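What follows is one structure encoded as C-alpha cells, with my remarks underneath.
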C-alpha cells in the first residue's frame, strides 16, 4: 500500500462511515479519510430516518461515533458536492473518492392528483419530525380528520405510529419542539395504512407491526377478508418466518374495535391508489381493489372505493438522485458499478471513483447491510491503488477548501451542536436530546 493515501467519502451515514472504517482497517492505517457531508451533522438516516421513538436502533450512532473519533478520519460538514465542490475538485486533491450519499427522495405514485396540496412524500414528513433542517419550515395540515398512508414498509408504519401517538408519548424523544407542538395540536383521528398487495407481501418487520397494534391511544382494525384473500399465504408463511410472524400479529387486528380510544388505524391490503381527489387540495383517495394473479403479482378487479382523506402520505420506496458529473443509471436510480467500482458510459471502471450503500445497490437491506457492502467497495479500491498507484494529487484538500472559501464544520463543531441539543432537552425537561431543526440554529451551535 502506498503511504499517505487520502480518500474522500461523500456522505456520513452508515454507508459512508462503514466505508471510512474499512479504509482504515483494511489499509493497516495507511489511509487518511475525509468524510464530507452537506449537513453539519453526521450519521445520515440514523439521525434523520430512524423514528424518534426507536431509541435502540439509534444507538448504532454510538458505534459510528468511534469511527469519527479515529485519528485517521476527519468529519467535514456543510460541504456539498455540486454546490461547494465539484467532482474535479475532489479528484484534484484526493487519491480516490467513495460516493455514499444514499437514497434521498420518495418514488412517485404516477397517479392523477399526486401534486395537489396535501399530497406529501413520506420522506418530507419524516424529515420534519426527525429534525432535518431542510424540512424545518415545512407545514403539514394536521387539522384534518383522516390521513391515508400509501405503502406497507417500515417507513409507512413509522409515519402511522407517529400520527397515532399522543404528544405526551413523544415528549421524551428528540422530536424538535416545533414539530412536537404541531403534533400536540393534531386533529387527526383516523389513519389508513394502504397496501397494493396482500399481508404476506408486507415489508414491515414483525416488531414494527407489533408496536403498531399496542398503541395506548389508537385502535387498529384489519378486515378478516383481506387477511384470507390469498390461499397461497399459508404456504408462504410456513416457509418464511418473517411472513409467519407478521400474519400472526395481523390476525389479532381482525376484531372490530370497541371505539373507546381517540384514534383509529385502518389497515387495508389489496388496494391500489388510482387517483388522489380534490379541487384545490386533497379531499379523498380513490382505490381499486386488487387480487393475486397466481404468478406472484396482483391485478385490478375493477372494483373501486373512495376514502375521505385530507392528507395523503406517499411511502412506496426511496430512490437516489444523480450527483453532479458522476455517472448515473436513471432507470435503476443508482451509480453504475461493479463491486463498488464506478462504471463509465462505456462500461469500463472509472479510475479512482467508487460507490457504497443505497446509491450503489438501491434501497435494500438494513443498517448493518452497509458494513459488508462498504467492505467490498473498499477492498476493490485498495486493490486498485496497489495495482496501479496514481501520482500524488497536486493539491491538498485544505488548499482546495481555502480556494473555495469553505469553512467546514469539524467534528468538534458537531460535538458542540450535540451538547447544545442535550442542553435544550434539559431546559425543556424532555429526555436526553431535543433536536435543533433549523439551519441557522445548527450553525450557531456549531460555532
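Since every read-out is calculated from the coordinates, none of them should be taken as a lab result. What you see is a predicted model; the values in this text were computed from it and never measured. Neighbour counts run over all protein chains shown; Cβ positions are idealised from the backbone, glycine included.
Across the alpha-carbon set of the chain, the Rg to Rh ratio works out to 1.00, Rh being the Kirkwood radius. Ordering 377, 427, 55, 173 by the number of other Cβ atoms within 10 Å of each residue's own Cβ, fewest first, gives 427, 55, 173, 377. Using a Gaussian network model of the chain in which every pair of alpha carbons under 10 angstrom is joined by a spring, one finds that among 299, 126, 31 the greatest mean-square fluctuation is at 299.
Between residue 181 and residue 139, the simple label model (points 7 Å from Cα in the Cβ direction) yields a spacing of 1.4 nm.
Compared with the dominant principal axis of the Cα atoms in the chain, helix 154-164 is inclined by about 60°. GNM remark for the chain: springs join alpha carbons under 10 Å apart, and the peak mean-square fluctuation among 381, 428, 36 falls on 428. Approximating the spin labels as points 7 Å out from Cα along Cα→Cβ, the residue 83-to-residue 62 distance works out to 3.3 nm. Based on DSSP H segments of at least four residues, each scored -39500 (n - 2.57), the chain has a per-residue ellipticity at 222 nm of -9500 deg cm²/dmol.
Solvent-free Debye calculation, one equal scatterer per alpha-carbon of segment 9-83: log10 I(q)/I(0) at 0.23, 0.28 Å⁻¹ equals -1.00, -1.27. On full extension, the segment bounded by residue 242 and residue 281 gains 10.2 nm, given 0.36 nm per residue less the C-alpha separation.
As a proxy for reagent exposure, 429, 372 were ordered by neighbouring Cβ count within 10 angstrom, fewest first; the result is 429, 372.
Its convex hull of Cα atoms gives segment 196-250 a direction-averaged projected area, equal to a quarter of the hull surface, of 3.8 nm². Helix 14-26 axis versus longest C-alpha principal axis of the chain: approximately 40°, rounded to the nearest ten. Compute the distance in nm between two label points, each set 7 Å from the Cα along the Cα-to-Cβ direction, one at residue 438 and one at residue 225. The two pseudo-label positions are separated by 5.1 nm. Scaling the Cα radius of gyration of segment 97-225 by the globular reference 2.2 N^0.38 Å produces a ratio of 1.11.
For the chain, the relative contact order comes to 23 percent (Cα pairs under 8 Å, sequence separation of at least 6).
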